[in-house]
Amino acid sequence: MSSSVLWKASVLHFLDDPASAPAEQAWEYVENGALLVRDGYIVACGMASDLQGDLPEGCEIKELPGRLLVPGFIDTHVHYPQLEVLAGCGVQLLDWLEQYTFPAEKQFENRDYADQVASFFLDQSLSHGTTTALVFGTVDPTSVDAFFAEAKKRNLRMICGKVMMDRNAPEYLLDTADSSYQDSKALIERWHGVDRLSYAVTPRFAPTSTPEQLTLAGQLLQEFDGLYLHTHMSENPKEVEWVQELFTTSDSYLGVYDDHGLLGKRSVFAHSIHLCDHSWDRLAESDSSVAFCPGSNLFLGSGLFNLSKAQETGVKTGLGTDVGGGTSLCLLNTMKDAYQVSQLSGQSISPLQAFYLATLGGARALHLENRIGSFKPGNEADFLVLDPTATPMLAFRSGKTKTIEELLGVLMVMGDDRVIEQTIIMGQVAHGRDS
Ligand code: GUN
Ligand code: ZN
């Protein structure tokens with residue numbers, strides 16, 4: 001039997017990028033709004049008074065006065081096995097990997113441990129309002145089996161992959177070009193396209209893969225439809241220099257990936273900070289995406305992402321927390337970091353732009369805009385009930401706002417996971433702050 005629910009609250013979602021489209025085409029805000037959901041999918045979004053006039057028989061009505069409904073947040077770059085290295089202070093990227101990250105990732109060969117952390121990670125993601133993420137596993141396929149099993153239990157739209165890494169890391173974490181190909185292939189056959197799950201071919205970054213391994217990564221992309229390619233690129237100046245030394249025949253960092261057939265629709269390059277103009281043009285031309293990870297870039301001292309350049313060239317861009325290089329799983333915090341990075345770069349983004357990046361922008365970067373990221377009819381009903389009065393300070397400050405844009409600014413600058421009152425997955429409550 002079909003089941004319908006009308007969620008009554010203020011509603012905000014994006015139809016286009018507010019940085020380039022006129023306001024009336026970029027976003028829709030309805031103060032006395034409602035969202036009609038049937039069997040896990042969006043049926044309509046609009047004025048409550050309009051929708052209430054024509055409800056399906058037996059439709060349940062949920063009244064949420066003072067609350068704001070937005071699409072679920074999308075994290076376009078995060079490492080679930082790195083929860084335990086979060087807040088590891090004192091070093092930059094390459095030393096941080098050696099000191100903190102590699103030893104932690106070793107533990108994910110143990111299935112029980114991987115199950116526990118995957119379960120905790122997904123519950124925390126939901127309580128922070130993240131409903132879809134592009135996620136790194138570790139080099140051990142066990143880490144990905146554990147992650148997908150837990151995501152499947154929760155009916156989540158998630159993308160994950162096993163790290164491919166056959167050089168320049170501790171011996172205990174290395175695979176080989178051939179074993180990484182075979183292990184990735186087995187995981188793809190087991191998980192890709194199951195329920196809401198997709199697989200990402202995941203070479204860690206150019207320095208930890210031989211050319212043979214990158215070639216096999218490209219071969220996997222050719223062999224299966226709809227796979228993602230997920231890696232890091234041009235995050236830290238020393239890393240960029242190292243890549244030049246290792247790959248002398250490629251003309252740039254992006255060129256290394258390009259030379260191995262790794263660019264294209266559904267390829268996501270995390271960080272992408274230190275790039276030449278030609279690389280930006282090539283990213284755009286190949287319809288590749290980038291993950292802007294401002295929290296991590298500040299914490300690891302990596303540099304300031306050039307969001308204006310991404311916008312000018314039309315490169316699809318999402319936000320990434322990059323935990324554990326990043327400092328929080330919270331996309332509200334990440335929006336605040338993005339705002340601060342944009343201020344430091346003289347590019348000052350609006351709160352609307354930040355919420356776009358965390359929702360429709362992320363969906364576009366993952367080529368999932370026909371499933372998630374907005375309240376378009378037919379999309380999957382993954383959304384959030386936000387409480388602008390979650391703390392006394394928030395209640396005081398949000399009470400003074402006059403426009404939705406001001407309110408979004410308050411939520412992103414002062415908000416955190418306490419603002420996420422409910423997280424809804426395919427129409428069902430998957431997290432309730434007060435329950
Ligand atoms: N580059 C290669 N591996 C990593 C990682 O685990 N985190 C970050 N931030 N950058 C990387
Ligand atoms: Zn990362």
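The values are calculated or read from the model by the stated rules, or taken from the named source; none is laboratory data. Everything quoted here is computed from the prediction, not taken from an experiment. FYI the Cβ positions are ideal-geometry reconstructions off the backbone, even for glycines, and counts take in every protein chain you see. Note: areas computed on protein heavy atoms with side chains; ligands, DNA, RNA excluded. Shrake-Rupley method; radii C 1.70, N 1.55, O 1.52, S 1.80 Å.
For this structure, a couple of remarks:
Here's the yes/no breakdown for (1) in contact with a Phe, Trp or Tyr (Cβ under 6 Å, 6 or more places away or on another chain); (2) buried (at least 18 other Cβ atoms within 10 Å of the Cβ):
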position: 37; (1), (2): no, yes
position: 71; (1), (2): yes, yes
position: 94; (1), (2): no, no
position: 127; (1), (2): no, yes
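- Those residues of segment 265-291 which are away from ligand 1 (no atom under 13 Å from the Cβ) and under 18 Å from the mean Cα position of the chain (by Cα), in sequence order: 265, 266, 267, 268, 287, 288, 289, 290
- Screening segment 359-373 for residues that are in a loop (DSSP other than H, G, I, E, B) and either of a type in the set (Val, Ile, Thr) or open to solvent by less than 10 Å² (accessible area, probe 1.4 Å) (or both) and picking the one that is nearest to residue 291 (Cα to Cα) gives 366.
- Some residue of segment 178-185 being buried (at least 23 other Cβ atoms within 10 Å of the Cβ), acidic (Asp, Glu) and under 30 Å from residue 241 (Cβ atoms): no
- Within segment 153-172, tally of residues that are open to solvent by less than 40 Å² (accessible area, probe 1.4 Å) and within 25 Å of the chain's Cα centre (by Cα): 10
- Listed by first and then second residue, the pairs with beta-carbon distance under 8 Å, at least 6 apart or on different chains, first residue in segment 179-195 and touching a residue at least 24 places away in the same chain (Cβ under 8 Å), second open to solvent by 40 Å² or more (accessible area, probe 1.4 Å) and assigned to a loop (DSSP other than H, G, I, E, B), are 188/224; 192/224; 195/155.
- Being among the charged types (D, E, K, R), assigned to a helix (DSSP H, G or I) and surrounded by fewer than 16 Cβ atoms within 10 Å (Cβ to Cβ) is a description that applies to residue 189.
Table: residues versus (1) within 16 Å of ligand 2 (Cβ to nearest atom); (2) among the charged types (D, E, K, R); (3) out of contact with any helix residue (DSSP H, G or I) (no Cβ under 8 Å at 6 or more places or on another chain).
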residue: 231; (1), (2), (3): yes, no, no
residue: 241; (1), (2), (3): no, yes, yes
residue: 246; (1), (2), (3): no, no, no
residue: 260; (1), (2), (3): no, no, no
residue: 273; (1), (2), (3): yes, no, no
residue: 282; (1), (2), (3): no, yes, no
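- Condition check for residue 54 on (1) away from ligand 2 (no atom under 16 Å from the Cβ); (2) of a type outside the set (Phe, Trp, Tyr); (3) under 21 Å from residue 433 (Cα atoms): one failure, at (3).
- Of all residues in segment 7-59, those that are among the charged types (D, E, K, R) and in a loop (DSSP other than H, G, I, E, B) total 6.
Each row is one residue, and each column tells you yes or no for (1) β-branched (Val, Ile, Thr); (2) within 30 Å of residue 402 (Cα to Cα).
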{"site": "41", "(1), (2)": "no, no"}
{"site": "49", "(1), (2)": "no, yes"}
{"site": "76", "(1), (2)": "yes, no"}
{"site": "86", "(1), (2)": "no, no"}
{"site": "91", "(1), (2)": "yes, no"}
{"site": "141", "(1), (2)": "no, no"}
{"site": "144", "(1), (2)": "yes, no"}
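- Residue identified as surrounded by 21 or more Cβ atoms within 10 Å (Cβ to Cβ), within 12 Å of ligand 1 (Cβ to nearest atom) and over 26 Å from residue 417 (Cα atoms) among 139, 78: 139
- Only one of the numbered conditions (1) under 15 Å from residue 317 (Cβ atoms); (2) open to solvent by less than 50 Å² (accessible area, probe 1.4 Å) is violated by residue 264, and that is (1).
- For segment 379-390, the criterion of a residue being crowded, with 18+ Cβ neighbours inside 10 Å, closer than 24 Å to residue 292 by Cα and among the small types (Gly, Ala, Ser) is satisfied by no position.
- All conditions in (1) modelled with pLDDT under 95; (2) touching a Phe, Trp or Tyr at 6+ places or on another chain (Cβ under 7 Å) hold for residue 374, with the sole exception of (1).
- Pairs, first under 16 Å from residue 11 (Cα atoms) in segment 21-50, second of a type in the set (Lys, Arg) and not in a loop (DSSP other than H, G, I, E, B), C-beta under 6 Å, six or more apart: 34/8; 48/8
- Screening the candidates 87, 104 for the property of being within 25 Å of the chain's Cα centre (by Cα) and open to solvent by 60 Å² or more (accessible area, probe 1.4 Å) yields one hit, 87.
- Odd one out for residue 242, checked against (1) in contact with a Ser or Thr (Cβ under 8 Å, 6 or more places away or on another chain); (2) under 16 Å from residue 94 (Cα atoms): (1)
- First in segment 308-335 and in contact (Cβ under 8 Å) with a residue 60 or more places away in the chain and at positive phi, second anywhere and of a type outside the set (Lys, Arg) and within 14 Å of ligand 1 (Cβ to nearest atom), Cβ under 6 Å, 6 or more apart: 322/77; 322/293; 322/296
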